[in-house]
C-alpha cells in the first residue's frame, strides 16, 4: 500500500497550505457528490419502464429530468477538468498545487498515486467530446450548431459515468487517509437503516407512486388480450423493470 494512504493531510503537507487544501477538497467533494446525485437519478429514470406504464403523452417529465440531469452532469465534469485560465479552479490545477506543496520526502509516493489516476487517451477523448458539446449546446449556443453547420458530438450516458469514475479516482489520489462518502447519504449504498437493510430514496418512492397509480401496471389483468399484443414489443430490461413494480404492489409476474 502506498504510504500516503496511511497518513493524514497535515502529515504530508506544510501547515500553511492546509487551509487552502481543505477549502479545495471541500469544494471538489461537494461537486462530485452533486455529480453522483445526478447520475443516481439518471440511472433510476432510465430503468423506469415508462413505455409500459404510461401513455406516450405522459412521459415528458422523464425526458426533461433525464435531459436536465445529463446536462448538469456534463457541466460539472467539464467545469472540473477542461476549463482553461488562471482563474478557473479545476482538479488538474489543484493536483499540481498539491504536488508543489507536498513535503519532498513524499513526492515519489504522490507521483505513484498520480500515475494511477492519470487520464489515458481514451478518457481524454471523452473529455474533448464532452467539452465540445458543452460549448456548442449546453453552456452556449454556437452559430454553426444552431444553423446546422456543425455536427454535434455524441456523448453517451455510459461515457459520463466513466468520466465520473475517473474524476473520483483523481480526487482520491490526494485525499490521503481521509475517507469520503461520494453521494448524498440517502443515495449511498454505504448507508443502511436498521436490520432491514437499505431505506428507499426519494426518487425510488416517487417512481413507485407513479407506477402504482399508472394504468399500465394492471393491464395484464384489466385487458389481457391487449397486454399479449403489446408485450411482444417491449425489451427484456423493460419487462424486468415492469415486473419489479408489479412485485412491489403484490402482483404476479406478467
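Every number here is computed from the coordinates shown, using simple stated rules; none is lab data. The shown structure was predicted, so the numbers you read here are calculated from the model rather than taken from an experiment. Because the Cβ atoms are built from the backbone with ideal geometry, glycine has one as well, and the counts that use them run over all protein chains shown.
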* To do: Starting from the exponent 0.38 and prefactor 2.2 Å, build the expected Rg for region 147-254 from its residue count and divide its actual Cα Rg by it.
  => 1.58
* Structure fact -> Computed, not fitted: 222 nm per-residue ellipticity of the chain from DSSP H runs ≥ 4 (each -39500 (n - 2.57)), nearest 500, equal to -18500 deg cm²/dmol
* Sticking with the crude label model, points 7 Å out along Cα→Cβ, report the distance from residue 7 to residue 237 in nm, one decimal please. => 4.4 nm
* What spacing in nm lies between the two simple spin-label points modelled at residue 139 and residue 64, each 7 Å away from Cα in the Cβ direction? -> 2.6 nm
* Asked: At a Förster radius of 35 Å, what calculated FRET efficiency corresponds to the Cβ-Cβ distance of residue 86 and residue 116, to the nearest 0.05?
  -> 0.80
* By how many degrees, 0 to 90 and rounded to 10, does the Cα axis of helix 107-117 deviate from the longest principal axis of the chain? -> 20 degrees
* Translational D in µm²/s for the chain (Stokes-Einstein at 20 °C, 1.002 mPa s, Kirkwood Rh from C-alpha pairs) -> 100 µm²/s
* Report Rg/Rh for region 202-248, rounded to two decimals, where Rg is the Cα radius of gyration and Rh the Kirkwood radius. => 0.99
* To do: Measure nothing but the geometry: give the 0 to 90° angle between the long axis through the Cα atoms of 60-81 and the longest principal axis through the Cα atoms of the chain, rounded to 10°.
  => 10 degrees
* residue 124 versus residue 247, label points 7 Å from Cα toward the beta carbon: distance in nm? -> 4.5 nm
* In degrees between 0 and 90, to the nearest 10, how far off the longest principal axis of the chain does helix 236-248 point, with axes built from Cα atoms? -> 80 degrees
* To do: May I ask for the distance between the Cα centers of region 107-134 and region 8-55, given as a whole number of Å?
  => 18 Å
* Structure fact -> For region 23-173, inverting the pair-averaged 1/r of distinct alpha-carbon atoms gives a Kirkwood value in Å of 17.3 Å
